Amino acid sequence: VDGYVPTERLGEFEQILKTQLEEGTYVFESQAADVEDPEVPIQLKNSSFFSPFESIVETFSLPQYKEMDPTPLMAPWYILFFGIMIGDFGYGVILFIAATLALHGLKLKPATRNSMKFFQILSIPTMIAGLCFGSIFGGLIPMKPLIIDPTKFYMPMIAFSVVVGIVNIFAGLALTAVKNFRLNDPKGAVYDSFSWIMLLAGLLVGGLASFMNWGPMVKNIGFGLAIVGAVMIVLFSAREEKGVGRFAWGLYNLYGVTGYIGDFASYTRITALALSSAFIGLSFNMIAGMLANRGIIGMVFAALLLVVLHLFNLFLSGLSAYVHSMRLIYVEFFGKFYEGGGKPF
């Protein structure tokens, strides 16, 4: 009989054998699992803060035994995306109160408790983003934004979203290098990660230098770095190929740089969802305001309508933020360094 057991529970397993089987009737041997073996089952292990985000990883795919657990690597990004996409202090307060009451007042299954903890954590960045945007129930309670009002200054907000995306993608490429170094593959780190970082960083620096008139030196350094990265990709990205095929596949891989334009633009959804949440909330406030002007009965109906409509907007905004944050993690972030395909323990 053979199987797997977590390393930290090996002693416990041996003790169970001793108590359940007679001495001399069995032989027990154990050895460390092969890092490259795709059959090794996976059991994620994270702190109480990060463990609620394991469901995001499991929905995509568990890591292979040779890979890093991406949960603590992606959780801060997911928190950031989700908080900005809803971006309302009032909605964050409702999320926090509802999740906290459920955690402390209801008898929940472990999976449901993890979900409540998940939304309790996400309520904090939602409240912070709401304060930064000056949004409390879509402007129902007036507040001066601490940083920016995205409904008025949407172009800077879009630029901020793209910058966040660029940093997120570069972080994913850097993690490719970390993964390759862990697998004793320094060539993979250089040719599959550093080359792309040089190419993209060079194009960004060179393009900004041309647009912002930073001077010919900065522009030349940027485009020079991009050329070096491009040459490395063409010559070494298809290292398993031979002869002309290696060069042809290298050119094909280099063509993939065009896809990064779409990747960067994809992060504008952060601003788009923040704006949709804000404007829907604002329109609900306007509807309730018109009712409130029709006397006491109108005010009562307006109050009830505000509760129902804002809860509905919170549901829509939360669902959109949940899905689109996952989309950015799965496609843009995981797509740079994460393979997956692990089997659950």
Requested in this report: Could you tell me the accessible area of Ile221 in Å² (1.4 Å probe, neighbours in place), rounded to the nearest ten?
Outcome: 110
Query - Mean separation of Cα contacts under 8 Å, 6 or more apart, over the residue count of region 217-297: relative contact order % - result: 18
Requested in this report: Give a residue-ordered list of calculated ³J(HN,Hα) values for region 329-336 (Karplus: 6.51 cos²θ - 1.76 cosθ + 1.60, θ = phi - 60°; whole Hz; x for Gly, Pro).
Outcome: 5, 5, 8, 7, 8, 4, x, 8
Requested in this report: Could you tell me what percent of the accessible area of the chain is made up of carbon and sulfur, with a 1.4 Å probe and every protein chain present?
Outcome: 68
Requested in this report: Let me have the 222 nm mean residue ellipticity of the chain computed from DSSP H runs of 4+ only, each contributing -39500 (n - 2.57), with the sum over all residues rounded to the nearest 500.
Outcome: -22500 deg cm²/dmol
Query raised in the report: Over 28 Å between Cα atoms, which of Lys179/Lys242; Lys66/Lys187; Lys45/Lys179; Lys179/Lys219; Lys187/Lys242 qualify?
Result: Lys179/Lys219
Query - Heavy atoms of Met155 accessible to a 1.4 Å probe, total area in Å² rounded to 10 - result: 120
Query raised in the report: Taking the Cα centre of each part, how many Å lie between region 8-70 and region 226-268?
Result: 37
Requested in this report: Calculate the dipole size of region 260-345 relative to its Cα centre from +1 charges on Lys and Arg beta carbons and -1 charges on Asp and Glu beta carbons; express the result in debye to the nearest 20.
Outcome: 140
Report summary line: Phi-derived 3J(HN,Hα) across region 207-223 with the Karplus relation (6.51, -1.76, 1.60, θ = phi - 60°), rounded Hz, x for Gly and Pro, is x, 5, 4, 5, 6, 9, 6, 7, x, x, 5, 5, 4, 5, 5, x, 5
Query - Table column - 3J(HN,Hα) (Hz), region 237-247, Karplus curve with 6.51, -1.76, 1.60, x for Gly and Pro - result: 6, 10, 5, 7, 8, 10, x, 5, x, 5, 5
Report summary line: Taking placed amide H atoms and a strict 5 Å upper bound, the residues 5 or more places from Gly342 or on another chain that come that close are Leu62, Gln64
Query raised in the report: Which residues in region 86-103 have a backbone N closer than 18 Å to a point placed 7 Å from the Cα of Ser115 along the Cα-to-Cβ line?
Result: 95-103
Query raised in the report: Do you know the relative contact order of the chain, to the nearest whole percent, from alpha carbon pairs under 8 angstrom that are 6+ apart?
Result: 23
Query raised in the report: Under a 1.4 angstrom probe, counting protein chains only, how are His310, His104, His324 ranked by accessible area, largest first?
Result: His104, His324, His310
**Report entry** Candidates per trypsin sites (Lys or Arg not before Pro) in region 190-268, loop by DSSP, up to 16 other Cβ within 10 Å
**Finding:** Arg239, Lys242
Query - With at most 16 neighbouring Cβ atoms within 10 Å, loop GluC sites (Glu not before Pro) (DSSP) excluded, longest segment of the chain - result: 40-239
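The values are calculated or read from the model by the stated rules, or taken from the named source; none is laboratory data. In this text the structure is predicted, and so the values were computed from the model without any measurement. Methodologically, a virtual Cβ is constructed for each residue, glycine included, from the backbone with ideal geometry; neighbour enumeration extends over all protein chains shown. SASA here: full protein model, heavy atoms, side chains in, ligands and nucleic acids out. Shrake-Rupley method; radii C 1.70, N 1.55, O 1.52, S 1.80 Å.
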